[in-house]
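Notes to accompany the following structure.
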Amino acid sequence: QVQLVESGGGLVQAGGSLRLSCAASGSDFDINAMGWYRQAPGKQRELVASITSGGVTTYADSVKGRFTISSANAKNTVYLQMNSLKPEDTAVYYCNADIVFSASMRVDDYWGQGTQVTVSS
């Protein structure tokens, strides 16, 4: 079993910054990729950014140049640095991890509980 624990959400004024963290805990697994998704009220969940174990990153067009995803592989942790925040960035942000279990080679998808990010205008 794997658990993802997120932290770092909160309330910030437009133009401000926040840093989200997500740590994966458990045993006997490796991480193929981790990412951040967000879901605003009345909207579908969307990918914000992702990073593979090899360091390849992907960003939604709406956050390119403002958000940076990074990881500390040895700590099974992923970060999302969010700068120049806009009111439209307001959403619940969810951490996601694509996990492979060492013994069985089974691949599974895990989600964090979500953290609220609110950007005031």
> When the chain is fully extended, how far beyond the present Cα-Cα distance does W111 get from S21, taking 0.36 nm per residue of separation?
Replying inline: 31.1 nm
> Pick from R19, R66, R38: which residue has the top mean-square fluctuation in a GNM of the chain where Cα pairs under 10 Å get a spring?
Replying inline: R66
> Which aspartates and glutamates have a Cα lying under 18 Å from the Cα of K64, excluding residues fewer than 8 positions away in the same chain?
Replying inline: E46, E88, D89
>> Suppose the chain between K43 and K75 were pulled fully straight at 0.36 nm per residue; how much longer would it get relative to their current alpha carbon spacing?
In response: 8.3 nm
>> If I model a spin label as a point 7 Å beyond the Cα along the Cα-Cβ vector, how far apart are those points for Q1 and A14 in nm?
In response: 4.4
> Which three extents, in whole angstrom, do the alpha-carbon atoms of the chain cover along their principal axes, largest first?
Replying inline: 50, 25, 22
> Per residue, how much accessible area does the chain have with a 1.4 Å probe, in Å²?
Replying inline: 53
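The values are calculated or read from the model by the stated rules, or taken from the named source; none is laboratory data. Only a predicted model underlies this, so the values are computations on that prediction, with no experimental measurement involved. Reconstructed Cβ throughout: ideal geometry from the backbone, glycine too, with neighbour counts over all protein chains shown. Side chains are part of the model used for accessible areas, which takes the heavy atoms of the whole protein and leaves out ligands, DNA and RNA. Shrake-Rupley method; radii C 1.70, N 1.55, O 1.52, S 1.80 Å.
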